[in-house]
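The block underneath contains the structure these notes are about, expressed in structure tokens.
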Amino acid sequence: MNPRRSFFNIIFRLTAGMLFFWNPVVSFIRQAYAQSKRIILPKGTQLTSLVDKNPADLDTRNLEVIPLKQFETMGLTDHKTDLDTWRLKVTGEVKKKWELTYNQILELPTIEKNVLLICPGFFTNHGRWKGISVTELFKLAEAESDITHVTFRGPPGRYEKTEQFPIAEVAANKIFLAYAVNGQVLPP
């Protein structure tokens, strides 16, 4: 083999190996840099000043949770659900397709997070939300490893809404199904 080709072959393999090894490190550095660019909100920040901000750009660790009576809502507020017949259906690229009742959901391990919700230009709510991890649902359903997105649909009927989230956000527990806020169960 040509010594020059052999040299380039070795260099190429070393570079590829280093990139493979360093990729997680580079990813971590990139993520840390993005976190450092977030605006740390001081205690006492007025929520009305945040209506045109992106929650991903804000560090809310000092932000107070507001009382539920101060929460504003938009969209469907008069929809009633019969919790005796309602089911959460887990389908798609999973080995075990199944349905959960509301009571079965309440029996799953819970997560609680302070979450800032912004309806751009209208209002901002900051509450302590309680629910279940979608990653936990993936484990129970034995989700396929090549999933790229998760889709949620509901409620059925003329107001049906569909939302899709990247699997990376789900795996990072940025997406979860909430059933309570500030210690109060959400209305059915």
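The values are calculated or read from the model by the stated rules, or taken from the named source; none is laboratory data. Note that the coordinates shown come from a computational prediction; the quantities given were computed from them, not determined experimentally. Note that we place each Cβ from the backbone using ideal geometry, even for glycine, and neighbour counts take in every protein chain shown.
Here is a check on your reading of the model: is residue 44 modelled with pLDDT of 90 or more, among the small types (Gly, Ala, Ser) and either over 21 Å from residue 112 (Cα atoms) or outside any loop (DSSP other than H, G, I, E, B) (or both)?
Spelling it out, residue 44 is indeed modelled with pLDDT of 90 or more, among the small types (Gly, Ala, Ser) and either over 21 Å from residue 112 (Cα atoms) or outside any loop (DSSP other than H, G, I, E, B) (or both).
Scan the range 47-71 residue by residue and report those that are in a loop (DSSP other than H, G, I, E, B) and either of a type outside the set (A, V, I, L, M, F, W, C) or within 14 Å of residue 115 (Cα to Cα) (or both).
52, 53, 54, 60, 61, 62, 63, 64, 65, 66, 67, 71
Can you pull out the residues in the range 162-188 that are free of Cβ contacts under 8 Å to residues at least 40 places away in the same chain, surrounded by 10 or more Cβ atoms within 10 Å (Cβ to Cβ) and not aliphatic (A, V, I, L, M)?
Result: 163, 164, 165, 166, 169, 174.
Just to be sure before I move on: is residue 92 out of contact with any Lys or Arg (no Cβ under 6 Å at 6 or more places or on another chain), of a type in the set (Gly, Ala, Ser), surrounded by 10 or more Cβ atoms within 10 Å (Cβ to Cβ) and not in a strand (DSSP E or B) in the structure I sent?
Yes, satisfied.
Taking the condition surrounded by fewer than 10 Cβ atoms within 10 Å (Cβ to Cβ), of a type in the set (A, V, I, L, M) and either in a loop (DSSP other than H, G, I, E, B) or at pLDDT below 60 (or both), does residue 74 pass?
Taking the combined requirement at face value, the residue satisfies it.
Scan the range 78-86 and give yes if some residue there is surrounded by 10 or more Cβ atoms within 10 Å (Cβ to Cβ), modelled with pLDDT under 90 and in the same structural domain as residue 156 (by TED's automatic domain parsing), otherwise no.
Yes; the residues of the range 78-86 include at least one that is surrounded by 10 or more Cβ atoms within 10 Å (Cβ to Cβ), modelled with pLDDT under 90 and in the same structural domain as residue 156 (by TED's automatic domain parsing).
Run residue 80 past the list (1) under 20 Å from residue 175 (Cα atoms); (2) in a loop (DSSP other than H, G, I, E, B) and report the number of the one that doesn't hold.
The failed condition is (1).
Among the numbered conditions (1) surrounded by fewer than 10 Cβ atoms within 10 Å (Cβ to Cβ); (2) outside the structural domain of residue 162 (by TED's automatic domain parsing), tell me where residue 60 comes up short.
(1)
Would you call residue 103 in a helix (DSSP H, G or I) and farther than 19 Å from residue 152 by Cα?
It is true that residue 103 is in a helix (DSSP H, G or I) and farther than 19 Å from residue 152 by Cα.
Scan the range 118-130 and tell me whether some residue there is closer than 22 Å to residue 69 by Cβ and small (Gly, Ala, Ser).
yes
Tell me, please, whether a residue that is assigned to a loop (DSSP other than H, G, I, E, B), of a type in the set (A, V, I, L, M, F, W, C) and in contact with a Cys (Cβ under 7 Å, 6 or more places away or on another chain) can be found in the range 111-122.
No.
Which residues, taken from the range 141-161, are more than 12 Å from the chain's Cα centre (by Cα) and surrounded by 16 or more Cβ atoms within 10 Å (Cβ to Cβ)?
141, 143
Show the residue pairs that are 6+ apart or on different chains and have beta-carbon atoms under 9 Å apart, the first residue being within the range 118-140 and surrounded by 18 or more Cβ atoms within 10 Å (Cβ to Cβ), the second being of a type in the set (Asp, Glu).
Final answer for the pair search is 118/52; 124/72; 125/72; 126/64; 129/112; 130/112; 131/112.
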